[in-house]
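The structure appears right after this line, and notes come after that.
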Amino acid sequence: MGTAKLHTLSVKYLMSCKKLLQDTTGNLLVKKWKSIEKGDIVSIEDYMLPEVLRIQTEGFKNGSSEKLIKYSKNSRNIFYVVKSKDKIVGYCVYYLKPALSLKGFEKKSVISSIATDRNFRGKGFAERLLRGSIEEMKVNRISSVLLYVNINNLPAIQLYKKIGFRKVKQVKNICGQKENCYEMELRLI
Ligand SMILES: CC(C)(COP(=O)(O)OP(=O)(O)OC[C@H]1O[C@@H](n2cnc3c(N)ncnc32)[C@H](O)[C@@H]1OP(=O)(O)O)[C@@H](O)C(=O)NCCC(=O)NCCS
C-alpha cells in the first residue's frame, strides 16, 4: 500500500475516532442536562413527533426525518418544541459538540434544525424558541452555539442576527450538495 493511501486511511480512522468520542461525550452530557422552566417551550415527547416531522417537511426541501427521529430518542432534553395554546407550531433541535481547545474542555452546541409551521411564521415563535433554549444552554455551561444557514435564507439569517449570532465563515456542502452556507456562532461564555 502506498504512503499516500496509508496517510488517507490514518486520517479517516482518526476522524472517525474523534467523531465517536464527541458523540459518546455529547450523549453523556445530554443525560446530565439541567432543564429550566420555559413556559410554552417544552422538550419533545413521542406523540409530538408526527407534527414536528410535518413542520420539517414543510420547511425544508431535503430535511432528514431519520435524523430528527434519532434526536427525539437520544437527545430529547435538547429537542425543543413551541406550542400555541395546545398546538405544536415549531421546533428547534440541537446536538452537543464537546471540544478540546487552547481554553481547555469546551461544551459547544449546534442547531441541527429549526422551523416554524408555515401558518404561524412571523409571530415570534422561532425567536422565543431560540431565546428560551439558549437560556438553558447558559445554565448548562455551553460556551457557544453554532449553526449553518444557506446564504440565500434571508429570513433565517435575519432571525439569527437578531438573537446575536455572527457570521464566522462561508462553507460549502454542509447545507446540501454544492450549496453555500454561513457558519454562524453565538458566544455565551
Ligand atoms: C426561519 C424561520 C424558522 C423563522 O421563523 P418565524 O417563527 O417566522 O420567525 P419569528 O417570527 O420568530 O421572527 C423573528 C425575527 O426573525 C426575522 N425574520 C423572520 N421571518 C423573516 C422574514 N420573512 N423576512 C425577514 N426577516 C424575518 C426577523 O428579524 C424577525 O424579527 P421581527 O419580527 O422583529 O422583524 C421560518 O421562516 C422557517 O421555518 N423557515 C423554514 C425553515 C428554515 O429555513 N429554517 C432555518 C434553517 S437554517
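The values are calculated or read from the model by the stated rules, or taken from the named source; none is laboratory data. The structure presented is a predicted model; accordingly, all values stated were derived computationally and were not measured. Here Cβ is always computed from backbone atoms with ideal geometry, including for glycine, and neighbour counts include all displayed protein chains.
Observations on the structure shown:
- Residue identified as surrounded by fewer than 16 Cβ atoms within 10 Å (Cβ to Cβ), more than 22 Å from residue 64 (Cα to Cα) and in contact with a helix residue (DSSP H, G or I) (Cβ under 8 Å, 6 or more places away or on another chain) among 141, 131, 166, 118: 131
- Flag if residue 40 is within 16 Å of the ligand (Cβ to nearest atom), farther than 21 Å from residue 154 by Cβ, of a type in the set (Asp, Glu) and over 16 Å from the mean Cα position of the chain (by Cα): yes
- Residues being surrounded by fewer than 10 Cβ atoms within 10 Å (Cβ to Cβ) and within 25 Å of residue 51 (Cβ to Cβ) - total across segment 84-115: 2
- Of all residue pairs spaced 6 or more apart or on separate chains, those with beta-carbon atoms under 8 Å, a first member in segment 127-138 that is of a type in the set (Asp, Glu) and a second member that is in a helix (DSSP H, G or I) and near the ligand (Cβ under 9 Å from one of its atoms) are 127/159; 127/162; 127/163.
- Any pair with Cβ under 6 angstrom, 6 or more apart, that starts in segment 39-65 at a residue that is closer than 27 Å to residue 179 by Cα and ends at one that is at pLDDT below 95 and surrounded by 15 or more Cβ atoms within 10 Å (Cβ to Cβ): 56/63
- Conditions (1) among the basic types (Lys, Arg); (2) surrounded by fewer than 17 Cβ atoms within 10 Å (Cβ to Cβ); (3) within 16 Å of the ligand (Cβ to nearest atom); number of the one not met by residue 70: (3)
- Filtered by the rule that a residue be more than 6 Å from the ligand (Cβ to nearest atom), of a type in the set (A, V, I, L, M, F, W, C) and either more than 24 Å from residue 103 (Cα to Cα) or modelled with pLDDT under 95 (or both), segment 119-153 gives 120, 129, 130, 151.
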